[in-house]
Structures are given as C-alpha cells and as structure tokens.
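None of the figures in this text is laboratory data; all of them are computed from the coordinates on show. Predicted, not measured: the structure shown is a model, and the values here were computed from it. As a convention, Cβ positions derive from the backbone with ideal geometry for all residues, glycine included, and neighbour counts pool all protein chains shown.
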Amino acid sequence: MYDIAIIGAGPAGASAALFAAKAGKKTLVLDNDKSMTKRAWMENHYSVMEISGPDMLETGKKQASKFGAEIIEEKAVNIVKLDTGLRIETENSSYEAKHVILATGALVDLAENAGLKTKPGTEPRIKTVIDVDSNGKTSIDGIWAAGTVAGVSVHTIVTAGDGAKVAINVISELNGERYVDHDVLKG
C-alpha cells in the first residue's frame, strides 16, 4: 500500500509528489499525460526565466522520481473507500493508498465517479471544481485535491504551490505533527 497516491503529474501533482517522496513517503503518481500545461509557455513562473510546458512537466516528474516517487502512465477511473485506505481503479489495474491527492487540472469526472462534492468554478473555462476545505480535504476522508481542480488559479506557479501545500498537510497528518521541509546550503 502506498502512503500517498497522486492522480495527475502537472504542476500541482508533480509538486505534491516531490514533497511526498522527499519526505520518505511511499509515493505513487498516476498520470494520463493530458495536462493542459503541455500547451503552455511560461515567463511568469518565479525563478524560471522561461520554460515550455512540456519541459516543465518533464522536469517535475524527474524531481519527484529523484526522491523515489513511482510514476505510472495510466488513467484513473474511480476511487473506492476501503476499511483502511483507498483503492484507485485504473483502466488496467488498481492500487491502494492511505491518502489520495487529486491533481487532475480541469477534469472532474474522476471526482464525480468517486462521489466527491463539487461546486462551480471561478476561473475562466473551469466550470466545475472539487469542494475542498482550506487544507485541501474533500468530502471523503483520505481524498484530497490540489491545483486547478481544487479551485485555485490555473497559473502554474499557483497550482504548484497548492500541490506542495496539500502534500505538506497530508504528510503532517500521516506523521501526527506538522511537517516542514527546509534544506540548507552545504559548503
């Protein structure tokens, strides 16, 4: 069983995976390779002069993998609550995790299939989002949401930060105390 499974490897999902894996959590990322960031060009992402969406997505996956996140290209179709944890059903397989973070961008079909509460979106062209609390928790215990699907701005810098925030909240819940990840310069 995975500690944390993340569905989606765009900026929110990859950022969540990076924090989860770096914290030593057994981390799974399921990605359907449909991120809207694939079509983006960014010149407004802090500390990055400019980057193409495809390059950003590839770098995010590499960062998460560096710390041990397992990334599988599969489409998740449902999430089922179990006595202990959750089962993510894909088109070809299933996986179990203690917590799931949905980072599916503009797509809410998986959330609706799982029975999550949704609400109208506020971003242009984002009609529906998952109803979450300020920590990223959804209406089903153990399922969290981050990024555009959780109602935050579609800008990559914002969704990446939200993915990190939600992952830190999940890690903190798993650890039973507030988690902080600060590296210091070596030298």
Can you list the strands (runs of 3 or more DSSP E) lying wholly within region 44-157 that have 2 or more residues being acidic (D, E) and surrounded by fewer than 23 Cβ atoms within 10 Å (Cβ to Cβ)? 70-73
Please specify each residue of region 25-40 satisfying the condition of being without any contact (Cβ under 8 Å) to a residue 40 or more places away in the chain and exposed (fewer than 13 other Cβ atoms within 10 Å of the Cβ). R39
Going by the structure shown, is I171 in contact with a helix residue (DSSP H, G or I) (Cβ under 7 Å, 6 or more places away or on another chain), closer than 17 Å to Y2 by Cβ and surrounded by 16 or more Cβ atoms within 10 Å (Cβ to Cβ)? yes
